[in-house]
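What follows is one structure encoded as structure tokens, with my remarks underneath.
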Amino acid sequence: MLTFDHLSKTYAAGTRALSGIDISVAAGEILALVGGSGCGKTTLLRLVAGLDRPSEGRILLDDAIITEPRADVGVIFQEPRLLPWLSVADNAGFGLSHLPAAERNRLVTGALARVGLAGYEARWPRELSGGQQQRVAIARALVTRPKLLLMDEPFSALDATTRASLHGHLLALWEESRPTVVMVTHDVEEAVTLADRIVVMQPRPGRIFDELDNPLTRPRDRLSPAFEAIKREALRTLDRSLTDSEPRQHKAAESAGMWW
Amino acid sequence: MSSIEIAEAIDGKPAAPPARPASRVGLRLAGFLLPVILAIIWEILVRAGLANGRLMPPPSVVGKTLWQLAVSGELWTHALATLWRVAAGFGIGAAVGTALGALTGALPLARGLLDPTLQALRAIPSIAWVPLFILWFGIFEASKVALIAVGVFFPVYLGVAAAILSIDRKIVEVGRVFRLSRLAMVRRVLLPAILPDWFTALRGGLGLGFMFVVAAEIMGASEGLGYLLVDGQQLGRPDTIIAAIIAFAVLGKLADGLLLAITRPFLAWQDTARDRL
């Protein structure tokens, strides 16, 4: 269970990036954060990752306060961020250096196979396309079996086809250990494809505008009317978040449930 | 279709190793064309009596002198003396430059304390140290090695400090996410990240080392290729001077090639369009 407890972040320059964020994420839940630019999505993720400290409030992961990066929290960044001097296998196994080599190889080979990169172990990152590199990054984050996985617009730089196939790879890996996932995205369709719950945020200062549940069972059919309906609802909420300044928390979430 | 094929079909880019152009060897040989032609022209002009070869001896005379120096063993004595000085000076200068560069690059406090002084010292033309070094270290090896070390120090120091300051924050964050200890961060992220720039700095330092060994040996030495230069001047033997210059060129090129050959395997991962110069 991941809890944001009245979280605020003010940068040294005085920019108020986040204000009064309260969310609870159940174990195994996939939560998507969407919102216009500058609404503090990435800041929120960096706080959970332990890369930055909150100005007020706290983040609890199973009753432990997060103040620094944790071994059981995996991060996938917007860019692959592979280390160019390590082979694909060494990149994927970067977080496994404490394991004996044989065990590490077994895990890495398995993880790379599941993201469709079997046989690429000895390649350099520069020999891979952007989509392939991002898949190595996914393998690197998931091979350590984190309890919580954080993703910061991990597919935003990729074309639609690659993105769709990566969604599949990601869900396949997620099924194995069902970590809690918090993902940031600006793509509503991506949020509806992957998430159990969608939180819409508003900028200046970054705060929660509204949230809606996504009860669709996986695998989700992007072309089904139910998918379309949720996507439309999410888009409408996002639109309102850009015009309204008053947060309307929970009210719309309930009506979304009723609508079903 | 295997999953790899599918993946490649999706990404649309099978990762193939870059092709090696067949014309590379030819291109390399082309570099010899200009000097060889010029040498032949000069030889012909002197032999035909159209030019006076006394001050600028033709290649055949230089070659003969070089041969005689080699046969008598003189060339090797001088070359070894020069090489030893460069090696010692380069070793000291590179080690101190790397250490101080790493220190000022990594610790803001060290940067604040040391860097202004070092930058001020850098503004001094290194040859200006010679009289002082001779007073301090005597006229023999120590003062020469010290001068070379100073020459090597600055490019290495600047290169290492700049490399550390320009390490990508994003890659360091990957290390932080995986909770690397300070030592592991240095070993697994920071050191590999600065390796290419460090090697480039070392090559620059080595080049300067050869520049300063000439200066040091011209100032006063009883052996070394620089001494051969002065000797040729005093005896009025331009062929000896040119022979020494050629020996310097060959030695410098060999040392640079050796450094390159040692460092290249560590940089196989680099994503550069072409080999660095």
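Kindly point out which whole DSSP H helices in chain B project their C-alpha atoms 24 angstrom or further along the helix axis while averaging a Kyte-Doolittle hydropathy of 1.6 or above. Present the calculation step by step, with values, prior to reporting the outcome.
Numbers: long enough: B:24-47 (36 Å, 1.65); B:74-106 (47 Å, 0.99); B:141-165 (36 Å, 1.84); B:191-219 (40 Å, 1.31); B:238-263 (37 Å, 1.72).
Helices meeting the span and hydropathy rule in chain B are B:24-47, B:141-165, B:238-263.
Take every residue in peptide A:76-84, count the Cβ atoms of other chains within 10 Å of its Cβ, and give the average of those counts.
Numbers: counts 1, 4, 1, 1, 1, 7, 2, 8, 8.
The per-residue average across the peptide is 4.
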query: To the nearest Å, what is the center-to-center distance of the range A:8-35 and the range B:167-223, using C-alpha atoms only?
result: 41
query: Listing A:44, A:99, B:258, A:212 from the residue with the fewest other Cβ atoms within 10 Å to the one with the most, what is the order?
result: B:258, A:99, A:212, A:44
- prompt: What FRET efficiency would be calculated for the residue pair residue B:170, residue A:10, taking the C-beta separation as r and a Förster radius of 30 Å, to the nearest 0.05?
  reply: 0.80
- request: For chain A, return all DSSP H helices satisfying: extent of Cα atoms along own axis at least 24 Å; mean Kyte-Doolittle hydropathy at least -0.5.
  value: A:160-177, A:225-243
- line: Quick calc: nm separation of the 7 Å Cα→Cβ label points for residue B:39 and residue A:171 -> 7.1
message: Just to be sure I understand the model, the point goes 7 Å from the Cα along the line to the Cβ. What's the resulting residue B:271 to residue B:124 distance in nm?
response: 4.5
message: Given the options B:78, B:220, B:118, identify the residue whose Cα lies farthest towards the positive end of the charge dipole of the range B:74-267 (+1 on Cβ of Lys, Arg; -1 on Cβ of Asp, Glu).
response: B:118
- prompt: Tell me, in nm to one decimal, what length is gained between residue A:102 and residue A:204 on full extension, where the rule is 0.36 nm per residue of separation less the Cα-Cα distance?
  reply: 31.7 nm
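For chain A, what does -39500 (n - 2.57) per DSSP helix run (n ≥ 4), summed and divided by total residues, give at 222 nm, in deg cm²/dmol to the nearest 500? Before the final figure, lay out the partial values.
Details: 8 runs with 94 residues, N = 260.
Helix-only estimate at 222 nm: -11000 deg cm²/dmol.
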Residues whose placed amide H lies under 5 Å from that of residue A:57, excluding near-sequence neighbours: A:8
The range A:168-233 and the range B:235-256: distance between their alpha carbon centers, rounded to Å: 72
query: Under the classification rounded if a/c is under 1.5, otherwise prolate if a/b is larger than b/c and oblate if not, where does the protein assembly as shown fall, given a ≥ b ≥ c as square roots of the Cα gyration tensor eigenvalues?
result: prolate
message: Please arrange B:269, B:136 by how many other C-beta atoms lie within 10 Å of their C-beta, fewest to most.
response: B:136, B:269
field: Leading residue at positive end of dipole, the range B:74-267 (Cβ point charges), from B:233, B:252, B:181
entry: B:181
task: List, in the order given, every pair from B:64/B:253; A:41/B:170; A:231/B:170; A:9/A:231 whose Cα-Cα distance in the structure shown is over 28 Å.
output: A:231/B:170; A:9/A:231
- request: Please sort by residue number the chymotrypsin sites (Phe, Trp or Tyr not before Pro) in the range A:5-98 whose DSSP state is loop and whose Cβ has at most 16 other Cβ atoms within 10 Å.
  value: A:11
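At 0.36 nm per residue, minus the direct Cα-Cα distance, what do residue B:215 and residue B:250 gain on full extension? Give it in nm, one decimal, please. Present the calculation step by step, with values, prior to reporting the outcome.
On the way: separation 35, 0.36 × 35 = 12.60 nm, distance 1.78 nm.
Gain on stretching residue B:215 to residue B:250: 10.8 nm.
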query: Say we join alpha carbon atoms closer than 10 Å with springs in a Gaussian network model of chain A; which of A:27, A:139, A:195 then has the biggest fluctuation?
result: A:27
task: Please return the longest stretch of chain B lacking exposed loop sites, where trypsin sites (Lys or Arg not before Pro) count only if DSSP places them in a loop and at most 16 other Cβ atoms lie within 10 Å.
output: B:55-178
- prompt: For the residues B:92, A:230, what sequence is obtained by ranking on other C-beta atoms within 10 Å, fewest first?
  reply: B:92, A:230
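Can you tell me how chain B classifies by the Cα gyration tensor, rounded, prolate or oblate, using a/c under 1.5 as the rounded cut?
Since a/c reaches 1.5 but b/c is at least a/b, the shape of chain B is classed as oblate.
Please report the net charge: other residues with Cβ closer than 12 Å to the Cβ of residue A:164, K and R +1, D and E -1. List each step's numbers first, then the result.
Values: positive: A:163, A:220, A:222; negative: A:159, A:187, A:189, A:190.
Local net charge: -1.
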- request: Note down the nm distance, to one decimal, between modelled labels 7 Å out along Cα→Cβ at residue B:142 and at residue B:47.
  value: 5.4
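Only the coordinates and a few stated rules stand behind these numbers; no lab work does. This is a predicted model, so every value here is computed, not measured. Because the Cβ atoms are built from the backbone with ideal geometry, glycine has one as well, and the counts that use them run over all protein chains shown.
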